[in-house]
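As C-alpha cells, the structure follows; a few thoughts come after it.
Every number here is computed from the coordinates shown, using simple stated rules; none is lab data. Here the structure is a predicted model, which is why all the values come from computation and not from measurement. For neighbour counting, all protein chains shown are included, and Cβ atoms are generated from backbone atoms with ideal geometry for every residue, glycine included.
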Amino acid sequence: MRYFVRKLAFYVVALWAAVTLNFFIPRLLPGNPVDILMAKLQQRGGSVDPAVRRTYELLLGSNSHESLWSQYVSYWYNMAHGDFGVSVSAFPARVSDVIAQSLPWTIVLVGLATLISFALGILLGIIVGWRRGSWLDSVVPATTVLAAVPYFWLALILVALFSSTLHWFPLLGGYDVRLALGWNWGFIGSAAYHAVLPALTIVISSVGGWLLGMRNMMVSTASEDYILTAQAKGLRPGRIMMRYAARNAVLPSLAGFAISLGFVVSGAIVTEQVFSYPGVGSKLLQAVQNNDYALMQGIFLVITVAVLGANLIVDLLYGVIDPRTRNHS
Amino acid sequence: MTNISPLTEPVGEPLQAPAHADPGGARPRSVSSWRAILPRWSPKLGVGLGLVTAIALFGIVGPLLVGDPSAINNIGLTPPGSGYLLGTTQTGQDVFAQLTYATRGSLQIGLMVGVMATALSAFFGIIGGYVGGVTDESFSLFSNVMLVIPGLPLVIVISAFVPAAQRGTTMIAVVLAITGWAASSRVLRAQTLSLRNRDYVAAARVSGEKPWRVVTVEILPNLLPVLASQFVFAVVFAILAEAALSFLGLGASNSSTLGTMLYYAQNGFALQRSAWWWFVPPGTIIALFGCGLSLINFSIDEIINPKLRTEPKKRAARRSVAA
Amino acid sequence: MTTTSSPTAPDTRRRDTDSVLTVEHLDVVYQVASPVHAVRDVSLTLGRGEILGLAGESGCGKTTLAYAINRLHRPPAEVTRGSVTFHDRDGQDLDLLALENEDLRRFRWAKLSMVFQGAMNALNPVTSVRAQLDDVLTTHVPAMTRRARRARCVEVFELVGVDPGRLDSYPHELSGGMRQRVMIAMALLLNPQVMIMDEPTTALDVVVQRGILREILRLREELGFAVIFITHDLPLLLELSDRIAIMLEGEIVELASADEIYLRPQHPYTRKLLDAFPSLTGERGAFIRSGASSSREQLPGTDPNEVDPR
C-alpha cells in the first residue's frame, strides 16, 4: 500500500514541477514574448482585449509590478480551468480547443504504436534471450542499428520508399481531407490507412530498445537459482521461460518505461512533422514557427500530463506484478 | 537444458573464474591489470571502433580536403557525378562538402553534450548515492522528476523562447545536456549504492579515509565501465536529439550539422523531387555512428555484466579434453 | 519409459541392500582456458532408503557431483567419463546420462528430487508458494484435479510442519527456516525415491537446523526415500547418516559407515576433518592450544599434531 501512495505522491510532485517549469521558462529567458504575441494577434485581426492580454501575461510573464507569487497563483487558477488564452497560429480558436481537437490523433497513434512496439520488443527479447548461442544472438547487434537511426530520417526513407516511389501509402495527413470527419467506416478506414506509415516509423525505431533490454535481462535471469530449481523440478522449458524467467526479467523494462516513453514521445513529435499528421506534435511545431507561445505552453503541459499519467499507470502495474514492492515499498 | 556435450566453447581469459560470476566483495586487481578491465576483442567491438573512427576522421579531416560547402552554383539540383561526389543541393551547393562540415558540427555538439551530461549525471548520481540521507533523497527526486518530464518538448519550448540570434552551438549543447542527464544519473546511483556496500569500501571508510578519497580511489575506478557506457549513450542521445532539433528548425543557428542538412533538404523538397543523395547520406552517417557507438557499448556491457558474454566459437580447435 | 507414480504413500520401508543409484567412475571437468577437474573418478552406490552423507570442504566438488547426477550442471561443466544409473522401484534401470529432453524432464522430481541451499535464491520471487508447488503437479500429473492438487499441497505442508495457511505467501514473506521446509515439502510432492539435499541447513541457526533434521529422519522412516546429504559439517553427518563419503579435491577418499568413520577413520584427511571440530567436553582451550580433540579416543599411532602429507 505504501508503495502505491509513494508513487502517487511522486507524480503529484512531478506534475507540480512541470507546471512550475512551464511558468518560469518564459520568464527566465530573454525577450518579451507577450508583446510579440499581442502584435501577432493584431496582425491576424484580433483586438487588444485586456482579458486576453492578462491571460498571456500570466502565461509568459510581464513587466508589471505584480508580485511573482500572485502571478503564480493566478497562473495555477488558469491552468486548472484549462485557460491558455487564444491561439495565434490558429486564430481565432482558443488554445484549449486546438489541443482538444488534435490530441486524440496523437494519443491513438502514439498509444497504439507504443503498445505494439513494447509487446513485440518484449516478446522477441524473451525468445532471443532464452535461446542463447543460437543464430538469433547475431540479430541483436542489428537492432542497435535501428535504434540509432533517427526517427525522422527513418520516416523520410519510409515516405520516399512507400509513398513517393511505390505509392502504397499516402504521403501525408491524418485522413483523406475530402472525407467528412465522423464516426463512419469510411473515415475510420481512411484514418487507419494514413496511420500505418507513422506508426511503422515509431514501432521500428523503438522496438530495438525494448528487445535489447529484455534480452539482457533474460540472459541475466537465466543463471538465477530459481531457474535451476525449476529445471530440477522437470518443468517444461516453455513454462520455465515464461513463468520463471520472463516474469522476473520484464521488471526492469517496466521500471525503465519512463525513459523509453520519453524517447517515443520525442520521436512521435518529429514523425508527425514529417507526415504532417494532425496531432499535437505538429501543432506544437506550428506554434513554435509562429511564435504562438500560448499554444506552445498549453501543448507542453498536456504532453507532460499525458506522459506522467502513462508512467503512473506503468508504475502501478509494476507494483502489482512484483509482490516484493508491496511490503518493502 | 544441459546435455553431456557442451553447448558453448570455453571462455577465453575470463575476468573471474567461472565458479563465481558475481564480483562479490573481491577487491579489483591493481592498475597493472588494466588488461582485465578493457573490453575483450570481438568482431562487434572491431566493427564498432572501425565505424566510429572512420566517421570521426571524416568529420575532422574531411573539411580540410573539400571545397567550399556554401558556394552557390546555378546548376541546381543534380545527382552524383560530373565532379560532385554526392551531387548538389537545389542551390548548387556541393553535398559532399556539406556532409563533411555537417559531420564535424554534429560530432562537436555530440562531444560537448556527452561530457556535460555525463558530468551532471555523475555529480547527482555518484555523490547522491555515496552520501545517502537527505542529499540522496533530494538528488534522486530531482533526477526522477527531470526524467519523467518529456525531453524533446521541453527542449523545443526552451529553444523557442530563446531568440534565434542567441541560439548558438553552446546554448543548444547546454539545453540538451540539461534535459539529458537524468537517465544516466539513475544508473550511476544504483551502481554507487551497490559498490558502497562492498567490503573494501567499508574497510576504507572504517580506517578513516576521507570521503573524497574513498570516492576517487575506491569507487570511481570501478565505475569506469559504467561511466564509459553512459558517456557513449549520452553522445548518441546528443547527436540524435540535436539532429531532431535542427530538423525542426530549432537548432543552432550559426552552425552546420547533419540535422540542419536534413532541415534544408526537407525545405528544398528533396523528398518530393526524389533527391536521395541529399537526405540519405546525413541520416546514414548518424545511423552508422550511432550504431558504432552502440556496438562499443555492447562490449562495455559485457565487462559490467559477465553473464552477457558469448563465448567465441573459434576456440573449439584449441580446446583439449583434459583427463 | 516409466510413467510417474501417483502420489500416494508407498507401501514398504525397505532398508535392505538393494541399491537405488549407482555412480561409476564419474568425471566432471570445467572446460575453461585451463580445465578444472572438479570430480575425479567418483564411484558410489546409494542404497534404497539409505542416508548417504557427502562431506568435504568448500570447493571439493560435492555440489558439482550432485548436480551432475541430476544433469543440472551447466556449461562449461561437462561430464567426460563415467555412468550414473538409477534403479527404479519397479525393476527398471535408467541411464541418467543418456536420458534426453522429455524423458529427462519426466524423470526429474518424480524419481529424484533436490533440496537446494537455503541461502540461495531458489524460489521464484514473484509467484506464490502454492503456485510453485502446483507447477510440479500440473506438469507431472496433469490428470489431477484442482481440489486434489490443493489437498496434496496441504498434505506436504503438514508433513514438514508448516501451516497450510501460508500457501499463498510469497517467498520473501517467509523466514529462512520456513523457506527450507517449503523446499523440502516441494521435494516430497511426487514421492521421489531419492532426495539430494545440498547444504539444506547451512544458512539456518542450530535450533531450526535440529528441527529440520528431525523432520528429515522422520519422513525417511515414513516414506522410505534415500537421501544424499551434502554438507561441510561432518559431526552433523555422524549423527544423521548411515554411510558417509569424504570428498577431497574431486575424489572420494573414504566411504564407510558413520560408525567406522567416527571410530576408525582411515584416511589422514578424514582424521583431519574430525579433528577440526572443537568439542563441548574436555579441557577449555584444549582445541586451540594443542589441537587436541578429546571427543574421541586417541588412536595408537595417531598424533593430532602430525603434519598431513596431502
Relative contact order computed over chain A (Cα-Cα under 8 Å; 6+ residues apart), in percent: 28
In units of 2.2 N^0.38 Å, what is the alpha-carbon radius of gyration of chain A? 1.19
May I ask for the percentage of alpha-carbon pairs in region B:61-184 that lie more than 26 Å from each other? 46
For the pair C:VAL207 and A:ALA51, how long in nm is the line joining their label points, each one 7 Å along Cα→Cβ? 7.7
What number comes out for the charge environment of A:ILE240, summing +1 per Lys or Arg and -1 per Asp or Glu over other residues with Cβ under 10 Å away? +3
Counting other Cβ atoms within 10 Å, keep those with at most 12, restrict to DSSP loop, and tell me which GluC sites (Glu not before Pro) in region C:67-113 are left. C:GLU100
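Taking each residue of B:244-251 in turn, how many C-beta atoms of other protein chains fall within 10 Å of its C-beta, and what is the average?
Going residue by residue through B:244-251 and averaging, the value is 4.
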So, by mean Cβ neighbours within 10 angstrom, what's the order for B:132-142, A:109-119, C:180-190 with the highest one leading? C:180-190, A:109-119, B:132-142
Cα→Cβ-extended label distance, 7 Å offset, between B:VAL47 and B:LEU64, nm: 3.1
Given the options A:ALA255, A:ALA222, A:ALA306, identify the residue whose Cα lies farthest towards the positive end of the charge dipole of region A:221-329 (+1 on Cβ of Lys, Arg; -1 on Cβ of Asp, Glu). A:ALA222
Charge dipole of region C:121-190 about the Cα centre (unit charges at C-beta), most positive-ward option of C:VAL136, C:ASN124, C:SER175: C:VAL136
Lys, Arg +1 and Asp, Glu -1 on Cβ, resulting dipole of chain A about Cα centre, debye, nearest 20: 1040
What residues qualify as long-range amide H neighbours of C:ARG81, i.e. H under 5 Å apart, gap of 5 or more or another chain, H built at 1.01 Å from N? C:ASP27
Amide H contacts under 5 Å for C:ARG48, restricted to residues at least 5 apart in sequence or on another chain and with H modeled in the peptide plane, are C:ASP18, C:SER19, C:VAL20
Taking the dipole of chain A about the Cα centre (Lys, Arg +1; Asp, Glu -1; charges at Cβ), the one of A:VAL86, A:VAL207, A:VAL13 that reaches farthest to the positive side is A:VAL207
Note down the nm distance, to one decimal, between modelled labels 7 Å out along Cα→Cβ at A:ASP83 and at B:ALA119. 4.5
Kirkwood Rh in Å, taken over all unlike Cα pairs in region B:42-304: 20.1
In whole Hz, what ³J(HN,Hα) sequence does region C:64-78 give by Karplus (6.51, -1.76, 1.60; θ = phi - 60°), x for Gly and Pro? 4, 4, 4, 5, 5, 4, 8, 6, 9, 5, 10, x, x, 6, 8
Give the calculated FRET efficiency between A:ILE116 and B:LEU141 to the nearest 0.05, with a Förster radius of 25 Å applied to their Cβ-Cβ distance. 0.15
Between C:SER83 and A:LEU316, what FRET efficiency follows from the Cβ-Cβ distance if R0 is 51 Å, with the result rounded to 0.05? 0.40
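Please average, across the residues of A:15-27, the number of beta carbons from any other chain that are within 10 Å of each residue's own beta carbon, and give a whole number.
Counting other chains' Cβ atoms within 10 Å and averaging over A:15-27 gives 3.
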Enumerate the residues in region C:195-239 having an amide nitrogen under 12 Å from the point lying 7 Å beyond the Cα of C:ASP259 toward its Cβ. none
Which far-off residues, 5 or more places away or on another chain, put their amide H under 5 Å from the one on C:LEU248, with H placed in the peptide plane? C:VAL253
Would you mind working out the magnitude of the charge dipole of region C:121-190 relative to its Cα centre, with +1 at each Lys and Arg C-beta and -1 at each Asp and Glu C-beta, to the nearest 20 Debye? 160
Give or take rounding to whole Å, what are the principal axis extents of the alpha carbon atoms in region C:38-129, in descending order? 39, 32, 29
If R0 = 25 Å, then B:SER194 and A:ASP137, at their Cβ-Cβ distance, give a FRET efficiency to the nearest 0.05 of 0.35
Charged-residue dipole, Cβ positions (Lys, Arg, Asp, Glu), region B:42-304 about Cα centre, Debye nearest 20: 180
Peptide C:79-90: average number of partner chain Cβ atoms within 10 Å per residue? 1
